[in-house]
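Following: one structure in structure tokens, then a few remarks.
The values are calculated or read from the model by the stated rules, or taken from the named source; none is laboratory data. Computed from a prediction, not measured in an experiment: that's the story for all the values here. Virtual Cβ from ideal backbone geometry, glycine too; neighbours counted across all protein chains shown. Quick note on the areas: whole protein, heavy atoms, side chains included, nothing else; ligands and nucleic acids left out. Shrake-Rupley method; radii C 1.70, N 1.55, O 1.52, S 1.80 Å.
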Amino acid sequence: MQQSFFNQLQNRLVNQLPFVAYRKPNETSVSAILQKNDVVNYCQDFTNSGFVFSPFENIENAVIFPLNQSEIIEFKDEIILDETEHSQPNFNLKNREKAKQFHINLVENAVKAIKNESFKKVVASRVEKSPFNSSETISLFKRLLNNYKTAMVYCWYHPKIGLWLGATPETLLKIEGNRLQTMSLAGTQPYVNTTDVTWQNKEIEEQQFVTDFIVDSLKPLVNSVSTTKRQTIKAGQLLHLQTKISAVFDKANFNFKNVLKALHPTPAVCGLPKSPAKDFILKNENYNREFYTGFLGELNFTQTKSRNTNRKNVENNAYQSIKTVTNLFVNLRCLQIKNNQALIYVGGGITKDSNPEKEWEETVAKSLTIKSLL
């Protein structure tokens, strides 16, 4: 079963046919949506059903694999890894030093802009290139599945757009019926055997910016918003601060695309206020993020549930509730495979208290979590 599943993915890469394979956080089932042609379908108004993949810069360019033009396959077994060894690739030290200097300058300019009150926070990111044999893509996907049980793990391919993999810990939003759930995730430190850690004011302030932004953005578009207490969560070998946010809305007056435009990109991947922070990123990062810090996931899937789980009451089991469900994730901890290279995307939130050297080290720590699997 598993071999057949991964063989189909491999065949689609070889034959240049679009697909996405993924497993949602804390689930055992791995699904794949296999588009029957190589047409690029854009999302338009976000009312159709399928798997959506949106870039950072403009949700109008979000690509969808429509369910009505695709085959869906899945399996629910433990992942059996290939018996191939993978060694850590060598990195060019000269290029590393150049990248370090550029990133430190970028952070210094960001801090200067914050102190000049251009914005309160901005996310500075970079892309790191590493040699990678693209024929090993499906093996890498298996390793991601094996190592990141609590993340949204995916492999997305369209011959006219590109090949992306990732293991993202961050939900953009989940909608079930008339309820919306999202999260505020920010702050990073290495996991060292415990989640009982101390956070600096810089990280606490940064995470609060994200929470406030999401709550303020949602309030005009929904009936009510509520938040949980801030907590420390583990994602791979890193720790983050998280607040869960939920909202209730009236279906008749709900415009999903407006909610997406209000939330994306969040301060966790862009900055605050959004417009000046985004302008700074587009002018100063010196590369195209493409789908990094965009979003991806299931859009308007139909979920059927029995209203009664008591097997003895067979009559009531006939009554089922049918809900429309959306599960979208922010595209973090990701890489793009291109020309036998892995392009690894990493970044960090910059505030007035940021230390440029430490911000560089944070991006190195994030890149190592992916590199260790290459």
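Please tell me the relative contact order of the range 169-297 in percent, rounded to the nearest whole number, where contacts are Cα pairs under 8 Å and at least six residues apart.
About 27 percent, as a whole number.
If I build a Gaussian network model for the chain, linking alpha-carbon pairs within less than 10 angstrom, which residue out of 323, 352, 229 has the largest mean-square fluctuation?
229
Report the semi-axes of the equivalent ellipsoid for the range 179-333 in whole Å, largest first, where each axis is √(5λ) for an eigenvalue λ of the Cα gyration tensor.
Over the Cα atoms of the range 179-333, the semi-axes work out to 33, 22, 16 Å.
What stretch of the chain, leaving out the sites themselves, is the longest with no GluC sites (Glu not before Pro) in a DSSP loop having at most 15 other Cβ atoms within 10 Å?
Between the exposed loop sites, the longest stretch runs 118-374.
Expressed as cubic angstrom per residue, what is the convex hull volume of the alpha carbon set of the range 115-240?
For the range 115-240, the hull spanned by Cα atoms encloses 203 Å³ per residue.
Accessible area per residue for the chain in Å², computed with a 1.4 Å probe and the full protein assembly in place, what is it?
Here the residues of the chain average 48 Å² of exposed surface.
Taking a ≥ b ≥ c as the square roots of the eigenvalues of the Cα gyration tensor of the range 1-55, is the shape rounded (a/c under 1.5), prolate (a/b larger than b/c) or oblate?
The shape class here is oblate.
For the range 18-85, which trypsin sites (Lys or Arg not before Pro) are in a loop by DSSP, counting at most 13 other Cβ atoms within 10 Å?
Within the range 18-85, the qualifying trypsin sites (Lys or Arg not before Pro) (loop, at most 13 other Cβ atoms within 10 Å) are 36, 76.
Calculate one ³J(HN,Hα) per residue across the range 250-263 by plugging θ = phi - 60° into the Karplus curve 6.51 cos²θ - 1.76 cosθ + 1.60, and present them in order as whole Hz with x for glycine and proline.
9, 4, 5, 10, 8, 10, 5, 5, 5, 5, 4, 5, 5, 8
Considering the range 16-146, what Rg and Dmax in Å follow from its alpha-carbon atoms?
20.2, 55
With label points built 7 Å along Cα→Cβ from the Cα atoms of residue 45 and residue 134, find their separation and express it in nm.
Modelled inter-label distance: 3.7 nm.
Can you pull the percent of the chain's accessible area that's carbon plus sulfur, 1.4 Å probe, other chains left in place?
45 percent
Just read off the accessible area of residue 264 with the full protein assembly in place, 1.4 Å probe, to the nearest 10 Å².
Accessible area, nearest 10 Å²: 20 Å².
Could you please tell me the mean projected area of the C-alpha convex hull for the chain, averaged over all directions and given in square nanometres to one decimal?
So the mean shadow area of the Cα hull is 20.3 nm².
Could the peptides 13-19, 209-215 be put in order, highest first, of the mean number of other beta-carbon atoms found within 10 Å of their residues?
Sorting 13-19, 209-215 by mean packing, highest first, produces 209-215, 13-19.
Quick one: which residues, 5+ away or cross-chain, put their amide H under 5 Å from the amide H of residue 239? H built at 1.01 Å from N.
189, 191
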